[in-house]
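Note sheet for the following structure.
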Amino acid sequence: RDAVPAINADARAVSERRNDHWFSSENVALNRWTEAPIFETTDIGALIRHWEEHNGVVSAAMHAFISRLGLAERSVVCKEATDGRVYFTSVGSEFSIDRHLFANMRPGRLVADQLDPSLGLWVESEYLETMLANEPRIVLCSGIVHLPWLTERREWTRLVLPCRSNSRRQLPDLVLALIWNGRHPLFDQIQDAMAKLPDPSVPGPYPRLVR
């Protein structure tokens, strides 16, 4: 993967929508996050600043920072292996509450190996896409989850950060995701804030963010 050039985040649309047979997601790319004032006053903004200052390297310091923010229980870290599959490397304690739905969310297990195979493969593809794009994003997900004992519609929100397992890597091989049940109010606030940013392709009196 290191030989594959990162996608230029500025060339990507700020918001896009993906659909498959059972699931859909609306994601907001945070490639210009420092220009949105909302990030100055939120724990999510503090986390993204920490992520950027440490060049996306997942370390003990990052895990400690997430714990201090009170977000560790709802976080997962996943790694892309040499075979191109994505595995859980750490899973927050909050996911052990709903053991039936999250029974397979354990370190060492494939992200795709969920009780609903369609959900697992869909989440894996979204994590791989985030690593390839190499940009943070907040995602609103919804879909019909098929479990052996029931079928129900679920909605959840996740913040996904592309990360690296060590400072020698040029491109991400990990994702750090924070997951909330339901439509988190922060999603709509961030979506609105990012949509109000000036178009960087149009000359104006505002400063351009150089990344």
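How large is ³J(HN,Hα) for each residue in region 75-88, as worked out from phi by the Karplus curve 6.51 cos²θ - 1.76 cosθ + 1.60 (θ = phi - 60°), to whole Hz, x for Gly and Pro?
These are the phi-based 3J(HN,Hα) values: 9, 9, 10, 10, 10, 7, 8, 5, 7, x, 8, 10, 10, 6 Hz.
I need the peptides 167-175, 22-30 ranked by packing, meaning the mean over residues of other C-beta atoms within 10 angstrom, with the highest value on top. Please list the in-between numbers first.
Values: 167-175: 17.3, 22-30: 19.7.
Peptide ranking by packing, descending: 22-30, 167-175.
Under 5 Å between amide hydrogens, which residues at least 5 positions from VAL57 or on another chain qualify, with H placed 1.01 Å from N in the peptide plane?
For VAL57, whose amide H was placed from the backbone, the distant partners under 5 Å are ARG164.
Would you please give the residues with an amide H less than 5 Å from that of LEU115, counting only those at least 5 places away or on a separate chain, with H modeled from the backbone geometry?
ASN104
Read-outs: derived from the displayed coordinates by stated rules, not from any lab. Keep in mind the model is a prediction, meaning the values are calculated, not measured. As a convention, Cβ positions derive from the backbone with ideal geometry for all residues, glycine included, and neighbour counts pool all protein chains shown.
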